[in-house]
Each structure stands twice: as C-alpha cells, then as structure tokens.
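The values are calculated or read from the model by the stated rules, or taken from the named source; none is laboratory data. Just so we're clear, the structure is a prediction, and the values are computed from it rather than from any experiment. Virtual Cβ from ideal backbone geometry, glycine too; neighbours counted across all protein chains shown. These accessible areas exclude ligands, DNA and RNA; they are computed on the full protein's heavy atoms, side chains included. Shrake-Rupley method; radii C 1.70, N 1.55, O 1.52, S 1.80 Å.
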Amino acid sequence: MAIRFYNTLTRQEDEFVPLHSGEVRLYTCGPTVYDYAHIGNFRTYLWEDLLRRFLRFRGYRVTQAMNLTDVDDKTIANARAAGISLEDYTRRYIDAFFEDIETLGIEKAEHYPRATHFIPDMARLVGKLMERGHVYESRGSLYFKIATYPGYGRLSRLDTAAGVGQARIDSDEYERDNPRDFAVWKAPKDDEPFWQTEIGPGRPGWHIECSAMSMKLLGETFDIHTGGVDNIFPHHENEIAQSEAATGKPFVRYWMHAAHLVVDGEKMSKSRGNFFTLRDLAARGYDMRAVRYHLVSVHYRKPLNFTFEGLAQSQAALARLDDLALRLGQFGASHTTGTGDLAAKARERLQGMLEDLDHDLNTAGALGHLFELVRETHTTLDTGRFSTEDLEAVRKVLHAFGRIFGIEPGQRADLDAEIEDLIRRRAEARSQRNFAESDRIRDDLLRRGIVLEDTPQGVRWKRKSA
RNA sequence: GGCGGCGUAGCCAAGCGGUAAGGCAGAGGUCUGCAAAACCUCGAUACAUCGGUUCGAUUCCGAUCGCCGCCUCCA
C-alpha cells in the first residue's frame with residue numbers, strides 16, 4: 001500500500017516516492033523566536049512530528065531540518081525594546097521552544113539551523129541570483145524580480161499579473177518595480193544589526209533564510225517542505241522562486257500545509273484573550289499528553305476548533321487507552337485458554353490504522369480502528385479466554401500507536417513508598433473484609449490523586465486525570 | 001474584488017458513488033462488598049439548503065446560505 005500525501009503544488013493526493021530510496025529529507029518551517037510559541041504553532045509542529053514519526057515507522061530514514069528565525073523585524077524591535085542584544089533576546093525564546101517540544105514529546109530534528117548562523121550562505125545565494133539577473137537594487141536593498149521567474153505563482157495560484165492594492169504600494173517604504181517583488185537582502189540601518197558579507201552589508205530577507213538553509217542541509221532538491229497554510233503565500237512561493245532561479249533545479253517535491261487552529265471559532269489573538277501557550281494550559285492543570293492527543297487527533301488539513309470541552313473529551317479518550325494498557329500490564333507470562341482470535345483482530349486493526357495513515361495521515365480514521373480494538377480486547381479479556389499471543393498482539397498495536405502518535409499508553413510515574421504502603425495496607429484490610437478501613441484508605445488515596453480499581457487480578461492504580 | 005477551505009448526531013470527528021467508523025457526554029442493564037474500570041443495549045430514515053448527473057449521492061456537478069483562512073508579518 002503506497003503512502004499518499006496531499007501536495008499543495010498539485011492540489012491533489014500524490015503517491016509519495018522519495019528522491020533517494022529509503023530516505024526522506026524534510027524541511028519544516030519553524031518558529032520566529034520573538035515570543036513563546038502558542039498552541040496554534042504547536043498544532044503544526046505536532047503534525048510535522050507525526051509525519052516524521054510515521055515515515056520512520058514505515059521504515060524511512062528521515063533527515064529533518066527546522067529553522068529558527070532569530071533575526072527579523074519583530075525580533076529586532078523586541079530586543080531593542082527590551083534593551084538587550086538580539087542574541088540575548090532570542091536565546092530566551094529558543095530555550096523556551098526546546099522546553100516546550102520536550103514537554104510535548106516532539107522528536108528532535110536532525111538540524112535546527114538558526115538564521116544568524118547561516119548569513120554567509122544566504123549572501124552566497126543572493127550573489128548567485130545577482131549573477132543570473134534575478135535581482136535589482138533599490139535604496140541599498142536587493143529585490144527579487146518575479147518577472148524573471150516564469151513559474152511564479154504556481155504554488156499559491158495567485159494571479160501575478162494583477163497587482164495588489166494601490167494603498168499597499170504607496171505606503172511601502174521601499175521602491176520596487178512590481179509590488180510582489182520581495183527583498184532578498186535588506187540595507188543596513190544604523191539602529192539595526194547587520195552583517196558584512198560578500199554582497200555588502202545588510203541583513204537577510206525572510207524568505208532567503210529558508211532557501212539557503214534548506215538547500216545547504218538537505219540538497220538543492222529535497223522531498224517534503226511543510227508549514228502552516230499561511231506560509232503558502234508569500235513565504236513558500238518566494239522560496240521556490242529564489243531557490244529554483246538560483247539552481248535551475250526543482251526545489252521541493254511535496255509541499256504540505258497544515259490548517260489553522262482557531263479558538264471558540266475565532267482566530268487566536270491576544271486582544272481577544274483567547275491566546276494560549278503551552279505554559280498557559282499547564283498552569284490550568286491540563287495534561288500535556290492530552291494536549292498532544294487532542295491537537296493530533298483531527299486531520300491536519302481541517303481547521304481545528306480548540307475548546308476546553310474538546311480538550312477534556314480528548315483527555316477522557318486518552319484515559320481509555322491508558323486503562324487498557326494498565327489492564328494488559330496485569331497479565332503475566334502464559335495464558336493459553338484462548339485461540340488467538342484476538343491476535344488476528346489486532347493485526348487487522350493495525351493494518352486498518354496504517355492504511356488510514358498512509359492515506360494523507362488520516363489520524364482520526366486510524367484512531368477509529370484503534371478504539372475498535374480497545375473494545376474487542378476488553379471483551380475478550382472479560383471472557384478469560386485468551387492466549388499470550390493475543391496479549392502480545394494487542395500490546396504491539398498499542399506500542400505502534402505510541403511510536404507514531406508520540407503517546408505511550410499506560411505511562412505513569414512511579415509511586416512513592418508511602419503510597420505503596422497504603423495500597424498494601426488497604427489490600428490487607430480488604431482481604432479481612434474490613435471494608436470501612438479499606439474504603440477510608442481508598443478515599444485518602446483519591447485525595448492524593450491516586451485512583452484504585454479492584455480487579456480479579458488484584459488492585460490496579462492510576463493517577464486521577466484532571 | 002481574487003484565491004482556497006469548511007458545514008456529518010448534544011459535543012468532537014472519520015467516511016467521499018451503493019445506502020452513516022470511532023471518541024466524549026447521556027439513559028437502562030450486567031459485573032463488583034461498595035466503587036471505579038469494563039461489557040451489553042439505546043442515538044442521525046440521515047450527512048447546511050435547493051437543483052442536476054446517475055439504476056443509486058453524504059460522497060460528483062451547479063447555485064444559495066453560513067463560517068473561516070490567504071491576498072501585508074503570521075504555524
């Protein structure tokens with residue numbers, strides 16, 4: 001079964017075949033480090049992580065680069081407002097970003113290129129464009145002339161002949177031949193950081209950064225480039241233009257874009273008070289595993305309407321997965337009363353999951369198969385007729401889910417000795433049918449956030465979900 | 001104005017030509033010392049509306065309504 005991805009370039013699902021057999025080169029547009037990333041950003045990063053994990057699960061070696069934009073108008077302005085250097089300012093948010101992706105269980109990419117570390121490469125790329133006649137100068141800045149690149153507008157399907165509004169042109173501080181021409185190199189200003197390079201002093205335009213770093217790390221043509229839908233134009237369109245104009249080669253083979261997250265049906269914005277970072281959700285007591293589950297459970301090309309009710313629903317769904325894993329953990333080595341029917345079902349459900357994921361990462365569909373298996377497993381376990389093979393097969397599916405979705409079911413921190421002792425004492429009381437005492441201990445543990453469940457295999461504990 | 005997306009049960013959400021997966025919430029029941037968990041049963045004559053194509057449409061085409069995004073920095 002072939003993997004198919006929706007390709008923004010072709011506007012259809014294309015079969016995925018990497019350039020180099022067995023290897024995928026992936027560039028995921030990363031954060032501009034001027035502030036904490038918000039859950040909308042993480043919706044995209046989490047989806048990209050799922051893409052990476054899925055490709056790896058399918059046996060590909062993945063080389064991923066995610067850029068950190070540490071020089072642009074906002075970072076410069078904010079650093080100045082804070083009265084510190086650009087580097088000191090951005091380091092704060094770079095550190096926060098890495099903490100956040102750790103919190104969410106996002107796998108580390110192979111490369112996290114920082115724009116300020118690749119200035120010579122960008123200058124070299126601009127130099128190449130100059131040689132080839134794609135660039136003109138205006139007031140010390142260098143602009144890409146889109147009229148010199150015939151393919152311009154293919155990705156975003158914008159009509160380049162039609163100009164943008166007159167007001168836009170008049171208000172612009174730079175002079176350009178065509179309002180859609182864009183800066184590849186910005187003239188130095190006294191109060192802004194700039195670099196001395198082979199093409200003169202200045203700082204890079206936004207788009208040139210991704211072109212230079214992606215081609216340097218992944219090759220002039222690579223497999224997948226991702227980002228949010230808002231990046232389609234102008235960012236990705238411009239990347240294509242300058243990259244292909246410089247090399248004469250196709251830049252990216254599959255362009256994939258994630259739809260936005262909205263909150264209560266509205267765009268997230270600080271002024272509306274519906275702007276959330278990961279830290280905001282953690283402060284409200286939400287489980288980060290549930291946040292991950294929630295943001296990844298909706299198909300990436302559909303807008304995700306974030307609500308706290310929805311997050312609570314995801315938390316409950318995830319608890320069901322955790323409960324099954326915990327129940328499976330109660331069974332030991334050998335069970336041979338069954339026929340292996342459950343194992344067959346497990347293989348079938350895993351197959352279904354993978355087929356849905358093959359189909360443009362249909363996570364919601366895949367979860368449907370998984371929960372079918374959850375019910376089938378409980379039902380079989382209730383009958384008591386199952387084999388070790390059955391248990392192993394289900395565990396394997398849960399583990400596959402864990403690897404791909406980045407959430408291992410049944411994960412829980414260990415208990416401290418005092419809690420363990422209380423559980424033991426309750427079991428003793430209960431075995432003596434001293435229910436008053438056992439219930440008292442159970443209530444006490446519940447107050448400490450530990451839920452006990454009595455089963456034929458003995459007592460099972462878990463942490464109370466928020 | 002141009003381009004693109006979305007509208008499926010109380011909520012979330014798959015399916016996308018053959019008669020509606022899954023999750024959450026809810027009701028009843030089984031099990032349990034009691035709970036919890038789990039299991040069983042119950043929910044859309046129906047997929048925004050109206051037309052069209054088809055033997056047959058939620059699924060294709062057109063129109064309408066509603067919501068959202070992009071066209072300027074943005075995941």
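General observations
- First in the range A:192-208 and among the small types (Gly, Ala, Ser), second anywhere and assigned to a loop (DSSP other than H, G, I, E, B) and open to solvent by 40 Å² or more (accessible area, probe 1.4 Å), Cβ under 6 Å, 6 or more apart: A:202/A:188; A:202/A:194
- Annotation: residue A:27 fulfils all but one of (1) within 13 Å of RNA strand B (Cβ to nearest atom); (2) assigned to a strand (DSSP E or B); (3) open to solvent by 30 Å² or more (accessible area, probe 1.4 Å); the unmet one is (3).
- Residue in the range A:366-375 that is in contact with a Leu (Cβ under 6 Å, 6 or more places away or on another chain) and either farther than 22 Å from residue A:314 by Cα or assigned to a helix (DSSP H, G or I) (or both) present: yes
- Counting the residues of the range A:376-396 that are over 9 Å from residue A:343 (Cα atoms), in a helix (DSSP H, G or I) and not β-branched (Val, Ile, Thr) gives 6.
- Evaluation of residue A:44 against (1) more than 27 Å from residue A:353 (Cβ to Cβ); (2) open to solvent by 10 Å² or more (accessible area, probe 1.4 Å); (3) within 10 Å of RNA strand B (Cβ to nearest atom) (one fails), failing number: (1)
- Within the range A:332-350, considering residues that are within 14 Å of RNA strand B (Cβ to nearest atom) and either at positive phi or of a type outside the set (Asp, Glu) (or both), the one farthest from the chain's Cα centre (by Cα): A:342
- Residue ID - nearest to RNA strand B (Cβ to nearest atom), chosen from residues in the range A:171-208 that are of a type in the set (A, V, I, L, M) and under 17 Å from residue A:128 (Cα atoms): A:183
- Condition check for residue A:247: open to solvent by 10 Å² or more (accessible area, probe 1.4 Å) and either near RNA strand B (Cβ under 10 Å from one of its atoms) or under 19 Å from residue A:111 (Cβ atoms) (or both): no
- Residues of the range A:209-229 satisfying the condition of being crowded, with 19+ Cβ neighbours inside 10 Å and within 12 Å of RNA strand B (Cβ to nearest atom): A:209, A:210, A:225, A:226, A:227, A:228
- Which listed residue is buried (at least 21 other Cβ atoms within 10 Å of the Cβ) and hydrophobic (A, V, I, L, M, F, W, C), from A:65, A:82: A:65
- Residues within the range A:11-28 that are under 25 Å from residue A:262 (Cβ atoms) and in contact with a helix residue (DSSP H, G or I) (Cβ under 6 Å, 6 or more places away or on another chain), tallied: 1
- Filter result (assigned to a strand (DSSP E or B), open to solvent by less than 10 Å² (accessible area, probe 1.4 Å) and not β-branched (Val, Ile, Thr)) within the range A:172-202: A:185, A:202
- Candidate set: the range A:392-414, residues that are within 16 Å of RNA strand B (Cβ to nearest atom) and at pLDDT below 95; chosen: the one nearest to residue A:295 (Cα to Cα): A:410
- The range A:148-184: number of residues that are at pLDDT 50 or above and of a type in the set (D, E, K, R): 8
- Matching option when the condition is closer than 17 Å to residue A:191 by Cα and either open to solvent by 50 Å² or more (accessible area, probe 1.4 Å) or not basic (Lys, Arg) (or both), among A:93, A:89, A:112: A:89
- Taking residues in the range A:132-148 that are farther than 14 Å from residue A:200 by Cα, and partners anywhere that are of a type in the set (Val, Ile, Thr) and assigned to a loop (DSSP other than H, G, I, E, B), not one pair has Cβ atoms closer than 6 Å while being at least 6 places apart or on different chains.
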